[in-house]
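The structure under discussion appears below in the form of structure tokens.
The values are calculated or read from the model by the stated rules, or taken from the named source; none is laboratory data. Just so it is clear, the model here is predicted, and its values are computed rather than measured. When we count neighbours, we look across all protein chains shown, and the Cβ atoms used for this are built from the backbone with ideal geometry, even at glycine.
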Amino acid sequence: MSQRLYTVIGTRPVRHDGADKVTGRAQFGADIRLPGMLYGHVLRSPHPHARIRRIDVAKAEAFPGVLAVVTAADLPEGPDRLLELVEGTLPLSYVRANVLARDKVLYKGHAVAAVAAVSPHVAEEAAALIEVDYEPLPAVLDVLEAMREDAPLLHPDLRMREFGEPTGKPSNVADHFRHLLGDPEQGFREAELIIEREFRTVMVHQGYLEPQNATALWNQDGRVYVWTSTQGAFSAREAIAWVLELPVSRLCVAPMEVGGAFGGKIRIYLEPVAALLSKKAGRPVKIVMPRRDVFEATGPTPGTCIRVRLGTRRDGRITAAQVWMAYETGAFPSGQCGFGALCILAPYDIPNVLIDGYDVVVNKPSTAPYRAPGATQAAFAAESVVDELAERLGMDPIEFRLMNAAREGTRRADGLKYPRIGCVEVLEAMRNHPHYRAALEGPHRGRGVAMGYWFNIGWYSSCTISVNPDGTVNLVEGSVDLSGTRTSIAMQAAEALGLRADQVHPRVADTDSIGPTAVTGGSRTTFATGWAAWEAAQDVIRQMKERAALLWEIGPDQVEFEGGVFRSGERSMRFEELAARLEETGGPVVGRGTVNPSSAGGSFAGAIADVEVDPETGKVNLLRFTSVQDAGTAIHPGAVEGQMQGGSAQGIGWALNEEYHLSPEGTMLNSSLLDYREPTALDLPPLETVIVETPEPDHPFGVRGVGEANIVPPPAAIANAIYRAIGVRLRRLPMKPSAVMEALWSKER
Amino acid sequence: MPTVFIPPALQALTGGRASLEVEGGTVRELLDNLEQAWPGLRERLAEGDRLRPHVRVAVDGKVSMLGLLERVGPGSEVHFVAAVSGG
Amino acid sequence: MKGQKVRVRTTVNGQPAEFLCEPRQSLLECLREILGLTGAKEGCNDGNCGACAVILDKRLVNSCLVLGVEAEGREITTIEGLAQGSQLHPIQRAFLEQGAVQCGFCTPGLILATKALLDRLPDPSELEIRRWLANHLCRCTGYDKVVRAVRQAAAELAEVKA
Amino acid sequence: MKWFDYAAPQSLPEALELLARPGARPLAGGTDLLVQMRAGQRQAELLVDLKRIPELNELQCDPGRGLRLGAAVPCCRIYEDAELRRRWPALAEVAEMIGGVPIQSRASLGGNLCNAAPSADSVPVLIVLRAACRLVGPSGERRLPAEDFCTGPGQTVLGPGELLVGFDLPPPEAHSGAAYLRFTPRNEMDIAVAGAAAAVGLRDGVIAWARIALAAVAPTPLLVREAGEFLSGKPANSENLQAAAELARSAARPITDLRGTAEHRRHLVGVLTRRALEKAVARAREVRA
């Protein structure tokens, strides 16, 4: 580990936000209680696709205890424009329509109206009195169906974009893009073994425990205060401002503790509704989404159809790859197929590649990112075919991957050359791990491996560090803390300032109190905001050097700083000592750091899975699981392990039992945490982790984001393990017991 | 001279060429010079002095946040890629 | 009777607590919205996630499936009642030291479940721990460090008793 | 949830008087009822809390008379009772399967039976253990075997104002054993895709009698008489157990729904019945003090 290089980095301090969380004092969005606060309830469409002819809210407004009712008519309707939001580039009219449906509902659960009342029960009863006159329309639910010429159209105005250029053709295909590298046809001619397979995955949900919530106060001075569970206060502020047609400065968004998000809390849902209700009622309004609505009306991840064709020479060298991948984006075109395309072949050096990707709208909730969005479905396909090739060539699955592994200088599918990456190091760590070497005896047992990648992003962050007289510092940042980043960022500031982690007091600020900071997502926060903290620390050190120079009556450039001590020749002063004398040497010292790094180094993650399958019931029992991931430099190893274990658990759930089970008409039948089967403590073995460290070339401490790549390999690793256990290749997720039985029965036939 | 890689969809505008060597010290200059040789290419990638909404430019493998303003070295490689975010 | 709130007298975290509530308000809603004890969380409101767990007369229950009026004359322990003064309970400390807390939304339920478990089974096996905690979903940690935290707390509490 | 009133009677007569009112419903653990009321599947204007009525909360194990179990006794008291666990292990095991620990602190077997879900886990066990249900209502008391209690999904024989007071289980015979196995994709917090309960009585190594009941494969929990009768008088070898399992499989009438396919359920009935019989036979052979 990086223990030797650093003093704070590589240690495991208790998280700064820990005490509040174990005592129940931590403030999540739903915990807010403001004087005069009302409770909101959203009425949602029972139809997956219908025209709204009329909405009559009179009875609801007259219901005792109701103070406001809103529909899309209460939303401003300025000129439409294309917005570049975190969730993608899409028209403002689409963003508004997902908050409150105007003339059409596009998925079962689509918000239609909302009520604010003195209690949640009254609001719910009143909402049931709103009369909506729907004209049901035929719904399209399958990605391949939706691509057909004769499929019912969700958006008459949607023109298919072909390679970024509107084609003028009305279609459910929102986008078709292509990556081309080398000469695929020639590559396949050189191949001596070619395998092509089709894979299907079903819509799944991030499964966070805390439902979406928002509290809003439309103040009498015209400013709008919003408290919400979001991954990005500034990205939320921007989206709310567009929807309400307000200048961003009129909004103050305060990010609360987030009870799990994993990509599902980037988009706004309730915030504009609560604001409109508050404006009408003249009082703050809190809305908390029931669990059923979290499943039916937020942003699950796309179901997919992916075809992978790989060609190799007899010696195992992959010569060509062709991929066709269609992702359902749900009701609105915020697609993730492009991200999947960047990751699907990422672990490999393949000279000839052709990828065609399609984002296709269907009558389901508009999909949102889910931890390395689009990459897990893609790896399930590619890593299964890679495993089949290795077996046909009689090669060890890791050796085969090592032979074709991507290295520095390898070109990705989109043509970019990889900078320094840790793909080989991760594969070698997997091969050398006791788990991979351990014997696995017994019937119907098998071991599988798979690789995963997430490219990570940089983007902008702001941070300030102010020095306290007692030698500690206050660190204020704009990054919402999903995965312990208050601590991982404080540790980077402490390392730079020569302090202990507990001498840095981190605080996540609202949009009035810190410079703009991009969303917490793309595994960027420990990387980019940590870098901003390092910059702010350099600013503090520079100012403190001037104070030491003043005291020692020398020039600032003659003062050195190292390990928390200012030095010049024989004289030295610890950080704490100098901090106590700031007032007399010129007043407060506040360091400022802002960064906007171009792309961050990506992270590779591998998985090893041992399974035992009960051939009589089809149940897959996970015996052992190991996650191996490149963290560049693990700032807080415990937090990194936590990310690897959490992502692995989600990948395992995705592989085995999680799915959106829809009725033929398009209604979700399992929208509860009983029938949407996330793994319980009894469904997972201990999750072993191995952290590999190949430092990121640009970051001051070599950090690589680790939040997402770990969810990518588990489904493929488990599919490959099931094959070695019972000799059947499962190419559809989830690999639930009934699916395994059907595969066994068809094998017997 | 820097090398500019042409996205597959736009190679029809460059006579099927996948990459071109072009004079220029910033992405803007490269695009202006490319437009001379291959008319119609610039407006597929940029609108006025900004890249098109979902387009980003990568210089030497790093996706830039500066768009047309990004500096380019003599030996640099320049790619035009889709904007990405994450979960 | 219709529309008449009910007076409920209980003991919460060792202190008498009295409140008025409608019969349809769950104990979870009463704790959070009336008594201001927001440590118990609503994750699903139908007994499937365990984030609302409290201890009712020595029994671990999902407070979303208990009516406020059913708490009349009963003793309730919530997460806010575990620490003694400024000292964290050994279970709370173990959860922090083992890195068993990430977002913290499931943490109150898991900690109270651990207390109820260790009160009944002072030295539980890994399997017993996982079965006992299975009603409490966590989406961040994958449960591994939670199990280690329970083992650490069990060991510490055993020492305290010895 | 719509408004309702609440009452917590201390005696059975008081409860019956309250239950006679329009829109009155009994409330034991509430772990099914409150969920269904919130989802609008069931309505009530008055909830009558049963948890303070002695008769519904008693648990008495008596070697001679067997087990008297109140309808409102929560699962946790069932599996924590050492005497009950020793004599009726299958009952203790099923009480430990329902939901999770916080659910088991409240959920009762009476509630499980009155909810009458085809997938109810405890009902097949009550059936094979020959539990008798004690009902009381406006027209007095009556008893009926557990297998006759459910009449359809969510429907029971309970008349208006009638209340399930509890169960009487006969004392287990020497050389008898029972077991319940269910199949769920998750290891906990799940609803049975299929379930099979089996009880056997051995006499000098041969099966004297057997009872087999299934969960989640018919509109109600299903006692498969012919499968049990087939085994009586036969040695407890794998062929006979497999044959009995086949009979159970052919008696099943599973449907396809969000939790499982009919084909998978029918297959599982065969597997689970055989395994439950094997476990019941093993328990019957154990010599218990």
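Structure notes:
- Candidates D:Leu34, D:Leu56, filtered to the one that is away from every other protein chain (no Cβ under 14 Å), assigned to a helix (DSSP H, G or I), among the hydrophobic types (A, V, I, L, M, F, W, C) and buried (at least 16 other Cβ atoms within 10 Å of the Cβ): D:Leu56
- Selection of the stretch A:622-638 for residues being on the phi < 0 side of the Ramachandran plot and crowded, with 24+ Cβ neighbours inside 10 Å yields A:Phe625, A:Thr626, A:Ser627, A:Val628, A:Gln629, A:Asp630, A:Ala631, A:Thr633, A:Ala634, A:Ile635, A:His636.
- Any chance A:Val105 is within 27 Å of the chain's Cα centre (by Cα), more than 30 Å from A:Val476 (Cβ to Cβ) and more than 14 Å from chain C (Cβ to nearest Cβ): yes
- Residue within the stretch A:206-228 that is farther than 20 Å from A:Ile32 by Cβ and either in the same structural domain as A:Gly646 (by TED's automatic domain parsing) or within 22 Å of the chain's Cα centre (by Cα) (or both) present: yes
The rows are residues; the columns are (1) out of contact with any Phe, Trp or Tyr (no Cβ under 7 Å at 6 or more places or on another chain); (2) within 14 Å of chain B (Cβ to nearest Cβ); (3) surrounded by fewer than 22 Cβ atoms within 10 Å (Cβ to Cβ).
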site: A:Ala533; (1), (2), (3): yes, no, no
site: A:Met544; (1), (2), (3): no, no, no
site: A:Gln558; (1), (2), (3): yes, no, yes
site: A:Gly563; (1), (2), (3): yes, no, yes
site: A:Arg574; (1), (2), (3): yes, no, yes
site: A:Ile608; (1), (2), (3): no, no, no
site: A:Gly618; (1), (2), (3): yes, no, no
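- Pick from the stretch A:436-479, criterion among the aliphatic types (A, V, I, L, M) and under 18 Å from A:Ala496 (Cα atoms), ranking: nearest to the chain's Cα centre (by Cα): A:Val476
- Residue identified as more than 30 Å from D:Leu18 (Cα to Cα), at pLDDT 95 or above and within 14 Å of chain C (Cβ to nearest Cβ) among D:Thr273, D:Thr184: D:Thr184
- Count of the stretch C:43-76 residues which are under 20 Å from C:Lys115 (Cα atoms), crowded, with 24+ Cβ neighbours inside 10 Å and of a type outside the set (A, V, I, L, M, F, W, C): 5
- Looking across the stretch A:342-358, the residues that are touching a Lys or Arg at 6+ places or on another chain (Cβ under 9 Å) and not β-branched (Val, Ile, Thr) come down to A:Leu342, A:Leu345, A:Ala346, A:Pro347, A:Tyr348, A:Asp349, A:Pro351, A:Leu354, A:Asp356, A:Gly357.
- Among the residues of the stretch A:440-486, the one identified as closer than 30 Å to A:Glu428 by Cβ and in a helix (DSSP H, G or I) is A:Thr485.
- Selection of strands (runs of 3 or more DSSP E) fully inside the stretch A:138-236 by the criterion of at least 3 residues being away from chain B (no Cβ under 14 Å) returns A:165-170, A:193-201, A:213-218, A:224-228.
- Restricting the stretch A:579-606 to residues that are under 42 Å from the mean Cα position of the chain (by Cα) and of a type in the set (A, V, I, L, M), the residue that is surrounded by the most Cβ atoms within 10 Å (Cβ to Cβ) is A:Ala605.
- Residue count, the stretch A:679-693 (criterion: part of a loop (DSSP other than H, G, I, E, B), at the interface with another protein chain (Cβ under 7 Å from one of its Cβ atoms) and buried (at least 21 other Cβ atoms within 10 Å of the Cβ)): 2
- Evaluation of A:Gln220 against (1) surrounded by 20 or more Cβ atoms within 10 Å (Cβ to Cβ); (2) of a type in the set (S, T, N, Q); (3) over 28 Å from A:Pro369 (Cα atoms) (one fails), failing number: (1)
- Among the residues of the stretch D:245-289, the one identified as under 21 Å from D:Gly205 (Cβ atoms), of a type in the set (Val, Ile, Thr) and assigned to a loop (DSSP other than H, G, I, E, B) is D:Val287.
- Condition check for A:Glu257: surrounded by fewer than 24 Cβ atoms within 10 Å (Cβ to Cβ), within 14 Å of another protein chain (Cβ to nearest Cβ), closer than 30 Å to C:Thr107 by Cα and touching a residue at least 40 places away in the same chain (Cβ under 8 Å): yes
- Residue match in the stretch C:77-94 (condition: facing chain D (nearest Cβ under 10 Å) and surrounded by 24 or more Cβ atoms within 10 Å (Cβ to Cβ)): no
- Selection count where residues are outside any loop (DSSP other than H, G, I, E, B) and buried (at least 19 other Cβ atoms within 10 Å of the Cβ), scope the stretch B:63-87: 8
Quick grid of which residues meet (1) within 12 Å of another protein chain (Cβ to nearest Cβ); (2) of a type in the set (D, E, K, R); (3) over 30 Å from A:Ala518 (Cα atoms):
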| site | (1), (2), (3) |
| --- | --- |
| B:Val4 | yes, no, no |
| B:Pro7 | yes, no, no |
| B:Gln11 | yes, no, yes |
| B:Arg44 | yes, yes, no |
| B:Arg50 | yes, yes, no |
| B:Val55 | yes, no, no |
| B:Arg71 | yes, yes, no |
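- The residues in the stretch A:386-418 that are in contact (Cβ under 8 Å) with a residue 12 or more places away in the chain, crowded, with 17+ Cβ neighbours inside 10 Å and assigned to a loop (DSSP other than H, G, I, E, B) can be counted, and the count is 9.
- Some residue of the stretch C:107-119 being in contact with a helix residue (DSSP H, G or I) (Cβ under 7 Å, 6 or more places away or on another chain), in a loop (DSSP other than H, G, I, E, B) and not polar (S, T, N, Q): no
- Residue list for the stretch B:14-29, filter: surrounded by fewer than 17 Cβ atoms within 10 Å (Cβ to Cβ) and within 14 Å of another protein chain (Cβ to nearest Cβ): B:Gly16, B:Arg17, B:Ala18, B:Ser19
A quick yes/no check of all residues on (1) touching a strand residue (DSSP E or B) at 6+ places or on another chain (Cβ under 7 Å); (2) away from chain D (no Cβ under 14 Å); (3) over 22 Å from A:Thr11 (Cα atoms):
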site: C:Leu96; (1), (2), (3): no, yes, no
site: C:Leu110; (1), (2), (3): no, no, yes
site: C:Asp123; (1), (2), (3): no, yes, yes
site: C:Arg131; (1), (2), (3): no, no, yes
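- Residue in the stretch C:1-23 that is nearest to the other protein chains (Cβ to nearest Cβ), counting only those that are closer than 16 Å to C:Glu80 by Cα and outside any strand (DSSP E or B): C:Asn13
- Test: residue in the stretch A:645-667 that is of a type in the set (Val, Ile, Thr) and away from every other protein chain (no Cβ under 12 Å): no
- The stretch D:117-193 holds strands (runs of 3 or more DSSP E) entirely within its bounds, and those carrying 3 or more residues that are closer than 26 Å to D:Val101 by Cβ, touching a Leu at 6+ places or on another chain (Cβ under 7 Å) and in contact (Cβ under 8 Å) with a residue 12 or more places away in the chain map to D:163-169, D:176-183.
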